[in-house]
């Protein structure tokens, strides 16, 4: 054995020494095979006295002299194992007691028995090391607390939180049950191109890459092959679907990621009304299969969502009129912009009527609990949907709305090549005006339509639906979300994107000075404490006589004010929709330092009942300045 001194405080160094000791003893710490005869769950259910062989990770270990108790865990559960010196022999017992650590993978063979305390266990007669771990696992009580670390090292997050593994098992059932339903309904699963020369099927900004062999720039698809599946309808297929990854080079928020899973189906000789009937059955089947229920206590800010009843239909135009007083079919672009400004909703000045209407709808959508089908969407926001015969200004399109979010979109597909070409041209004009999300003109698709596509309905839904039902941000529901590399130090990017934080304080003449200062302090402190967000960077300056003075030189924090609580609530929603990082301070937080009490008080209120004292948003400086430009500096 190697007797060189080691630092006992360096856990990895200690484990490396044990690894070398095992090798010196002729033990292979990484064998290729594992003789597994039972899962832990099967072994747990085995009769007392029967012999079992289980494999898994050692997750607990208690040495008690001549006997060591441990727990071994696999995907099915964990069970206690007991190793006795007089059964294993002194040498083998010493190897387990001194060289096997929590985190190691081990195979155990032994006899099932029950301890005098009534715990189901295995009395080990032999064991084999399968994998030696060189780093300790996260603390079983506290696990990983830092959000960035949890997502970056998701494997440790999964080890620390069994409920997380359960969630991803549900997610697998979610997509599998959706696939099985569609196949049972006679749909054929297909695969369409991920790389496209003309991205289509959605209003979104695509990722661009270069194809070396063909020496052309191509785009990652922004839809699940919508225009390709319609070509399949032209080619004679009648029922197709695809489940896969698609990519949109846009902002991140609770509901949005840049790459995510989507399902789209297309059904010939059917219209949007038949599509809605199918979608309601699809959702109910998929959700009940994955979650075991159609009732959810909380989704976002909405409580007691029941998906089991008949889903109602609501009218797009009437809903916007109800919540804003604007008739979108009659309003001018200037009138739409005025209303958006009045509601503190952001929009691009170059935006056309369709984009302005959509911005107005997003304000209204957040007030709808659902589940409902939104119907009668105007042509301006539906470039690929068939016009209604009764009113050509409207389309045969619908959206599924649950908990204030759009989580499903379908319509009777436009199969008139002349109409489609005209709408593509309108979209092209929008792109020329600066709208990077407007759709590109796809002449090849128009040509395909000229050969004739039967009446067809299509529908798409993304994994946003799953994350909503889990009541978690979509990034939390992805196994390995894209993260900025830890060693990312691109100075040119940092110069190009100067970051800033703006805090908006409620200064309505009723807040005492101490409350204003308290709000500003808590907003700054809580935001600076956010893990992985490089708001502060402490360096030093030095006086003439050499005394160091700590400095805060990274990114500006600007204090602004408003006299309206409603402005703060709207700013929170607008900033979160825009992908900014947001932190808040409320009256409950001011009045109590007991986090559980604050959580209890706020859980009893709807969003419009929460009394915000301040909102702080963080992001690229120009964007932050734009979204807070209506607020004056704090005086």
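The values are calculated or read from the model by the stated rules, or taken from the named source; none is laboratory data. As the structure is a prediction and not an experimental result, all values here were calculated from the model. All Cβ positions, glycine included, derive from the backbone under ideal geometry; neighbour counts span all protein chains shown.
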Residue list for region 289-308, filter: in a helix (DSSP H, G or I) and under 22 Å from residue 410 (Cα atoms):
none
Selected residue [in contact (Cβ under 8 Å) with a residue 24 or more places away in the chain and surrounded by fewer than 19 Cβ atoms within 10 Å (Cβ to Cβ)] from 398, 411, 451:
451
Modelled with pLDDT under 85 and in a strand (DSSP E or B) - does that describe any residue in region 519-532?
no
Subset of region 253-271, residues over 29 Å from the mean Cα position of the chain (by Cα) and outside any loop (DSSP other than H, G, I, E, B), comes to 267, 268
Take the residues of region 533-559 that are at pLDDT 60 or above and under 18 Å from residue 616 (Cα atoms): which is surrounded by the fewest Cβ atoms within 10 Å (Cβ to Cβ)?
556
Any residue at all in region 226-241 that's part of a helix (DSSP H, G or I) and over 18 Å from residue 384 (Cα atoms)?
no
So how many residues does region 180-231 have that are surrounded by 13 or more Cβ atoms within 10 Å (Cβ to Cβ) and without any contact (Cβ under 8 Å) to a residue 24 or more places away in the chain?
4
Looking only at region 436-448, count how many residues are under 25 Å from the mean Cα position of the chain (by Cα) and crowded, with 16+ Cβ neighbours inside 10 Å.
2
Does at least one position in region 154-167 carry a residue that is closer than 30 Å to residue 72 by Cα and in a loop (DSSP other than H, G, I, E, B)?
yes
Any residue at all in region 339-357 that is in contact with a strand residue (DSSP E or B) (Cβ under 8 Å, 6 or more places away or on another chain) and farther than 22 Å from residue 205 by Cα?
no
What number of residues within region 456-480 satisfy the criterion of being in contact with a helix residue (DSSP H, G or I) (Cβ under 7 Å, 6 or more places away or on another chain), more than 17 Å from residue 579 (Cβ to Cβ) and in a helix (DSSP H, G or I)?
4
Considering only region 431-455, how many residues are at pLDDT 90 or above and out of contact with any helix residue (DSSP H, G or I) (no Cβ under 9 Å at 6 or more places or on another chain)?
1
Which listed residue is closer than 28 Å to residue 581 by Cα and either buried (at least 17 other Cβ atoms within 10 Å of the Cβ) or modelled with pLDDT of 95 or more (or both), from 170, 152, 165
152
If we scan region 335-348, do we find a residue that is in a loop (DSSP other than H, G, I, E, B), more than 27 Å from residue 580 (Cβ to Cβ) and modelled with pLDDT of 90 or more?
no
